[in-house]
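What follows is a single structure, written as structure tokens, with notes after it.
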Amino acid sequence: MHDSVISKKNHRIVSGARATGNLHLGNYYGVLKNWLKLQSEYPCFFFIADWHALTTQYEHPQKIQENTLEMILDILGVGVDPEQCVFFVQSQVPEHVELHLILSMLTPLSWLERVPTYKELRQKLKEQHLGTYGFLGYPVLQSADVLIHKGELIPVGEDQIPHIELTREIARHFNYLYCEGNTPLFPEPQPLLTTTSKMPGLDGQKMSKSYHNTIELREDPKSVEYKIKVMPTDPARVRRTDPGEPEKCPVWRFHQIYSTPEIQSWVLNGCRSAGIGCLECKRPVIDAIIAEQAPIRARAEEFAKDKARVNQILKRGAELARESALETLKEVHEVMGLNHVHR
């Protein structure tokens, strides 16, 4: 394990990002900025969950490798530092799957059927055939991802609390079955609530690939400019001379994230008095987003040019993650009496 990792606070952080391809500003503000902060404070295990992507993309697995590569470049581009954390790709640590198998044997079916996202996603993704064992059981794989590294603090939004509670139940159940009278093997992880991302989409809804309203982290500046320029504004402003109300305009939410108090005041006064037009109002947002993306794009391009370096980072991350995972599996085998099959 990196000395810089083990010298931090003892509580381990485990957090994964599902392999869905290029990340966007919503991912940056909702997840990655938090990773940047946590990596300097705790021993962190950050990974790209490519096996999880199979739960909904099993018919087109060839896309997962491409999506994983783009995410690696995005994550390294924003500044996640492999010297400060353990950064790896889930499928390169097969011990995750072994623990998943073991935990699936003791997890009641009823626990999985009551996970809110199971019914929600099946309803939302009706066009996909999600009545599979893997889709029903993916929360157990999530639990294995956390428990294999004895994660104690899991950064999540409130919508993910049921998954953490399931992980706690599975850990508790395992400890009850196999560790009675002894020290529990698995900690019961606690959610580390993250601030809900305030990054709006281009249509005013939450920024999400599902809504096709995103700006990618490394999107071409000309594309960013075009997308902002054609964003809808306050419908009351039909003509340039019509006054508007920023609170009714999706662009204002971007100003609240990117603009200084002085620019925000200029927008409020100019919009309400029709002193500025919508394109004028959008220009500071365009400039601020492109400026924020520039160093991310530059770092990612450097990594993209040096595949050997990226492969070495992932190889080292997988080695460190496997070291942690094998240690846990050895303990699992011992308390279950499976020593005879331990490698």
Checklist line | Of all residues in region 95-113 being of a type outside the set (A, V, I, L, M) and in contact (Cβ under 8 Å) with a residue 40 or more places away in the chain, the one that is farthest from Pro139 (Cα to Cα) | finding: Glu95
Notebook entry, point to check: Taking region 208-224 only, how many residues are among the hydrophobic types (A, V, I, L, M, F, W, C) and either open to solvent by 30 Å² or more (accessible area, probe 1.4 Å) or not in a helix (DSSP H, G or I) (or both)?
Noted result: 2
Next item on the list: Would you please name the residue that is least open to solvent (accessible area, probe 1.4 Å), looking only at residues in region 165-207 that are more than 25 Å from Arg114 (Cβ to Cβ) and either without any contact (Cβ under 8 Å) to a residue 40 or more places away in the chain or hydroxyl-bearing (Ser, Thr, Tyr) (or both)?
Entry: Ser197
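Being out of contact with any helix residue (DSSP H, G or I) (no Cβ under 7 Å at 6 or more places or on another chain) and touching a residue at least 60 places away in the same chain (Cβ under 8 Å) narrows it down to one residue among Leu69, Leu38, Leu73; which is it?
Only one candidate qualifies: Leu38.
When you go through Ala318, Ala300, Ala291 one by one, which is the residue that is of a type in the set (Gly, Ala, Ser), part of a helix (DSSP H, G or I), open to solvent by less than 50 Å² (accessible area, probe 1.4 Å) and under 24 Å from Glu216 (Cβ atoms)?
Ala300
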Notebook entry, point to check: If only one of His100, His52, His60 is surrounded by 14 or more Cβ atoms within 10 Å (Cβ to Cβ) and closer than 25 Å to Asn311 by Cα, which one is it?
Noted result: His52
Checklist line | Residue that is of a type in the set (Val, Ile, Thr), in contact with a Lys or Arg (Cβ under 8 Å, 6 or more places away or on another chain) and under 27 Å from Leu177 (Cα atoms), where the choices are Val140, Val115, Val93 | finding: Val93
Next item on the list: Give the number of residues within region 230-280 that are of a type in the set (D, E, K, R) and open to solvent by 70 Å² or more (accessible area, probe 1.4 Å).
Entry: 8
Margin query: Being of a type outside the set (Val, Ile, Thr), outside any helix (DSSP H, G or I) and at pLDDT 95 or above is true for just one of Gly244, Gly275. Which residue is that?
Written below: Gly275
Note to self: Under 8 Å between Cβ atoms, which residue pairs at least 6 apart in sequence (or on different chains) link something in region 242-264 that is touching a residue at least 60 places away in the same chain (Cβ under 8 Å) with a partner that is open to solvent by 50 Å² or more (accessible area, probe 1.4 Å) and assigned to a loop (DSSP other than H, G, I, E, B)?
What the structure shows: Ile257/Lys198
Checklist line | Residue satisfying condition, being touching a helix residue (DSSP H, G or I) at 6+ places or on another chain (Cβ under 6 Å), over 21 Å from Thr20 (Cα atoms) and charged (D, E, K, R), within set Glu95, Glu113 | finding: Glu95
Check: Glu120 versus (1) modelled with pLDDT of 85 or more; (2) open to solvent by 40 Å² or more (accessible area, probe 1.4 Å): which is the lone unmet condition?
Finding: (1)
Check: If only one of Ile148, Ile161, Ile154 is of a type in the set (Val, Ile, Thr) and open to solvent by 40 Å² or more (accessible area, probe 1.4 Å), which one is it?
Finding: Ile161
Check: Just for region 81-97: of the residues that are crowded, with 20+ Cβ neighbours inside 10 Å and β-branched (Val, Ile, Thr), which one is nearest to the chain's Cα centre (by Cα)?
Finding: Val89
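The values are calculated or read from the model by the stated rules, or taken from the named source; none is laboratory data. Quantities reported herein were computed from a predicted structural model and do not represent experimental measurements. Here the Cβ is made from the backbone with ideal geometry for all residues, glycine too, and neighbour counts use every protein chain on show. Calculation scope for accessible area: heavy atoms of the full protein, side chains included, ligands and nucleic acids excluded. Shrake-Rupley method; radii C 1.70, N 1.55, O 1.52, S 1.80 Å.
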